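The values are calculated or read from the model by the stated rules, or taken from the named source; none is laboratory data. Just so we're clear, the structure is a prediction, and the values are computed from it rather than from any experiment. Please note: Cβ atoms are built from the backbone with ideal geometry, for glycine as well, and neighbour counts cover all protein chains shown. Heads up: the accessible areas ignore ligands, DNA and RNA and are worked out on the full protein's heavy atoms, side chains in. Shrake-Rupley method; radii C 1.70, N 1.55, O 1.52, S 1.80 Å.
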Amino acid sequence: MSEIKIALLGLGIVGTGVYSSLLKRKPEIEQLLGKKIRLSGILIKNPAKPRSDFQKAPLYSEFEKILGKEAPDVVIEAIGGIEPAKTYITRSLEAGCHVISANKDLIARHGEELTSLAKARGARFVYEASVGGGIPVLRTLRELLRINKVQHVEGILNGTSNFILSHMRTTGSTFPEALELAQQKGYAEPDPTNDIEGLDAFYKAMVLSKWIYGEQPLWEEAEVKGIGNVRLEEIQLAEQLGLRLKHLVLLDDSLELKVKPVLVDSEHPLYGVEGVDNAVRIQTDLLGCLTLQGPGAGAEATASAIVEDFLSLYETGSVYQDKPAVSEVVHKKQSKEGTTYLLFGEKEHISGETISALQLQGAVLDTVSLPDSSLIAFLYAGDLPVSTLHFTSIYPVRLSAASEVAEEVLL
């Protein structure tokens, strides 16, 4: 039986998950492929660190030894960041190795360049795991929606942020407490900036846009806002109105991209997406709405997608195009996302004049407050007043029509 040699770059959260998954599923993988698999080398950063659990492959601290005299068949990049990951991927592809990566930052910036290099060398550069964790978003778009045009995408693409917001609401934890737990569980990195500031979801959205539309929004024009300033009292006040705060990616066929906290009502398809789950809601012209949901944070979810990418390279009869037929881009701005907001302010700073200013521009639909909190919230429909200095936070509210929910296709 022939052999497939696999090199693994990195033994962090993702790399360790991939290592464990390959060993655990080795018999099943070999049966599916009809070939033996072997870890030919693992690239590590600190050779002095004790690694008694990693005895199934040689450990190297120098990338040159990973390629060696005979290059591996597949290189799995699990380092993250731009450099040295880009250099290692480039050299692997130049050596004719297939490369698998979940590095959404790198792919958002250099995915097209690396894909072109792979083609020129007769290799493949695949990255299903870079969007949606364990959800096969790219594969679904490629294989199941080839004749559909994607009109817009709405999704939760960061499991860490979703876990933090869910945990705060269900347990009454503060943001720092929920973040610390996410780090303890391995959902968040020691430096969680990319997760909580919305950058991780932004990079994934850029990868998704290139995959669907063949181009990306202008990076400087995208609206990106994280969850670092969300207060527990805001989540609790929203819950009194039947609303939940979700960190959403909103992308449409005009290449308008927004990544920010948004409140959704109980009829919205993403309302019940909790914990580390990701979900992507794809609106197409023929099928209608398709919603994909599954784990989006943690070693297991990403490792699962990487191993599935590995299988796709070798499965007999597998059709693995680089991307699906590109949906049409509408080069015009779409209608506004909505004019309903939940406005938060300190009770002592909200006067009758403030409320009157709101009512001149629209309508105050409801007002809620908590006995032990200094905050008050206004559910408001209409254009925002020119001055919103009296409000500490303003969140858009996405209300779903029942007819939209009825058209959902759930996978």
Once the in-chain neighbours fewer than 8 apart are removed, the lysines whose Cα is under 24 Å from K36 read K5, K24, K26, K56, K65, K69
Segment 1-159 - accessible surface per residue (Å², probe 1.4 Å)
45 Å²
How high is the FRET efficiency between D366 and E83 when r is their beta carbon distance and R₀ equals 45 Å, given to the nearest 0.05?
0.35
Based on Cβ point charges of +1 for Lys and Arg and -1 for Asp and Glu, what charge dipole magnitude is obtained for the chain about its Cα centre, in debye rounded to the nearest 20?
1620 debye
Among A188, T160, V150, the residue whose Cα sits farthest towards the positive end of the charge dipole of segment 143-259, when +1 is placed on the Cβ of each Lys and Arg and -1 on the Cβ of each Asp and Glu, is V150
Please compute the modelled spin-label separation between L311 and K45, points set 7 Å along Cα→Cβ, answer in nm with one decimal.
3.1 nm
What are the lysines whose alpha-carbon lies under 16 Å from the alpha-carbon of K119, with same-chain residues fewer than 8 places away excluded?
K323
Excluding same-chain residues fewer than 8 positions from K258, which lysines have a Cα within less than 21 Å of its Cα?
K104, K149, K204, K210, K225, K246, K332, K333, K336
For V14, what accessible area in Å² do you get when you roll a 1.4 Å probe over the heavy atoms of the protein chains, rounding to the nearest 10?
40 Å²
Listed residue (S266, C289, I107) projecting farthest to the positive dipole end of the chain, Cβ model:
I107
Would you mind checking which residues have amide H under 5 Å from A123's amide H? H placed 1.01 Å from N; only 5 or more apart, or other chain.
none
Suppose every K and R has +1 on its Cβ and every D and E has -1 on its Cβ; what is the size of the dipole of segment 230-313 about the Cα centre, in Debye to the nearest 20?
180 debye
Under 5 Å between amide H atoms, partner at least 5 residues away or on a different chain: which partners does R398 have, H built in plane at 1.01 Å?
L263, V264, D265
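Top to bottom by accessible area (1.4 Å), largest first, where do I350, I355, I164, I147 land? Don't jump to the answer; show the numbers that get you there.
Working: I350 30, I355 55, I164 0, I147 135 Å².
Listed by decreasing accessible area, they come as I147, I355, I350, I164.
Quick check for me: using +1 on Lys/Arg Cβ and -1 on Asp/Glu Cβ, what's the dipole size of segment 89-165 about its Cα centre, in debye to the nearest 20?
Working: 10 positive and 7 negative charges, 48 e Å.
My answer is approximately 240 debye.
Please report, as a whole percent, how much of the solvent-accessible surface of the chain comes from carbon and sulfur atoms (probe radius 1.4 Å). Could the numbers behind the result be given before it?
Values: 9060 of 18380 Å².
Here carbon and sulfur together make up 49 percent of the probe-accessible area.
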Work out the charge dipole of the chain with +1 on the Cβ of Lys and Arg and -1 on the Cβ of Asp and Glu about the Cα centre, then indicate which of L39, S173, A301 is farthest towards its positive end.
L39
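For T174 and A120, FRET efficiency with R0 = 56 Å and r from the beta-carbon atoms, rounded to 0.05?
On the way: r = 52 Å, r/R0 = 0.92.
The computed FRET efficiency comes out at 0.60.
Please compute the contact order of the chain in relative form: average sequence separation of alpha-carbon pairs under 8 Å and at least six residues apart, divided by the residue count, as a percent.
Details: 839 pairs, mean separation 71.5, N = 411.
Dividing the mean separation by the residue count of the chain yields 17 percent.
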Structure-based [θ]222 nm, the chain - -39500 (n - 2.57) summed over DSSP H runs of at least 4, per residue, nearest 500:
-10000 deg cm²/dmol
Match the structure shown to one of the listed values [x] 23.2, 80; [y] 22.4, 69; [z] 27.7, 95 of Rg and Dmax of the Cα atoms in Å, computed from it, and give that label.
[x]
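Out of segment 260-303, which GluC sites (Glu not before Pro) are coil in DSSP terms and have no more than 11 other C-beta atoms within 10 Å? Don't skip to the end; give the middle numbers.
Numbers: sites: E267, E274, E300; in loops: E267, E274.
Here no GluC sites (Glu not before Pro) fit, given the DSSP loop and packing criteria.
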Calculate the length of the line joining the C-alpha centroid of segment 190-224 to that of segment 64-142, in whole Å.
18 Å
Once amide H atoms are placed 1.01 Å from N in the peptide plane, what residues at a sequence separation of 5 or more from D285, or on another chain, have their amide H within under 5 Å of its amide H?
K149, Q151
Solvent exposure of segment 218-316 as accessible area per residue, Å², 1.4 Å probe:
35 Å²
